[in-house]
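A quick write-up on the structure given underneath.
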Amino acid sequence: MSLIETRLAELGLELPPAPAPAANYVPFVRTGNQLFVSGQISSDAAGLITGRLGADLSIEEGAAAARRCGLALLAQARAALGDLDRVTRVVKLVGFVNSTPEFTDQPKVVNGASDLMVEVFGEIGRHARSAVAAPSLPLGVAVEIEAIFEVA
């Protein structure tokens with residue numbers, strides 16, 4: 001078992017199957033030593049995690065939805081690379097949070113994915129990041145996050 005797979009097991013985490021694209025795009029693109037992973041929407045075993053921050057969902061619920069996006073990002077990276085030990089750096093996350101105009105805690109929501117990357121990868125999991133509000137997201141999901149990884 002790889003180091004990262006061992007770490008996931010220690011954390012009690014299981015990656016979901018890598019979601020198939022829902023439209024005319026690919027789930028990831030590797031160019032040189034960078035892996036770009038398309039936006040992953042919030043879902044869990046029960047289905048889509050929907051709702052708006054500031055109306056339907058608490059910050060904690062939003063952060064849990066972002067964490068699920070992070071797991072889907074890792075699943076896509078594993079599908080692209082075959083082994084998460086090939087990730088040498090989490091370069092950047094871009095998080096979109098379905099929120100009301102008054103809601104201003106998007107960074108606290110996206111922390112759900114950011115914290116996951118550091119838990120899984122340690123220091124190489126620290127990354128640049130954007131956390132922005134969106135008036136709506138596809139299928140009414142709460143969060144969508146994309147990622148850039150540096151890979152060996």
statement: From the option list Leu13, Leu53, single residue qualifying as crowded, with 18+ Cβ neighbours inside 10 Å and touching a residue at least 40 places away in the same chain (Cβ under 8 Å) is Leu53
field: Candidates Ser42, Ser58 - the one that is at pLDDT 95 or above, among the hydroxyl-bearing types (Ser, Thr, Tyr) and within 16 Å of the chain's Cα centre (by Cα)
entry: Ser42
statement: The one condition Leu48 fails out of (1) free of Cβ contacts under 8 Å to residues at least 60 places away in the same chain; (2) surrounded by fewer than 17 Cβ atoms within 10 Å (Cβ to Cβ); (3) under 15 Å from the mean Cα position of the chain (by Cα) is (1)
query: Do we have any residue at all in the stretch 116-129 that's under 18 Å from Ser58 (Cβ atoms) and at pLDDT 95 or above?
result: no
task: For the stretch 39-55, state whether one or more residues are part of a strand (DSSP E or B) and of a type in the set (Lys, Arg).
output: no
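Here's the yes/no breakdown for (1) small (Gly, Ala, Ser); (2) at pLDDT 95 or above; (3) within 16 Å of Gly125 (Cβ to Cβ); (4) in contact with a helix residue (DSSP H, G or I) (Cβ under 9 Å, 6 or more places away or on another chain):
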residue	(1), (2), (3), (4)
Ser2	yes, no, yes, yes
Thr6	no, yes, yes, no
Leu15	no, yes, yes, yes
Ala20	yes, no, no, no
Phe36	no, yes, no, no
Arg52	no, yes, no, yes
Cys69	no, yes, yes, yes
Ala79	yes, yes, no, no
Pro101	no, yes, no, no
query: Which condition does Ala131 not pass, out of (1) on the phi < 0 side of the Ramachandran plot; (2) out of contact with any strand residue (DSSP E or B) (no Cβ under 6 Å at 6 or more places or on another chain); (3) not β-branched (Val, Ile, Thr), if it passes all the others?
result: (2)
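The values are calculated or read from the model by the stated rules, or taken from the named source; none is laboratory data. This one's a predicted model, so the numbers in the text were calculated from it and none came from an experiment. Neighbour counts are summed over all protein chains in view; Cβ atoms, including those assigned to glycine, are modelled from backbone coordinates with ideal geometry.
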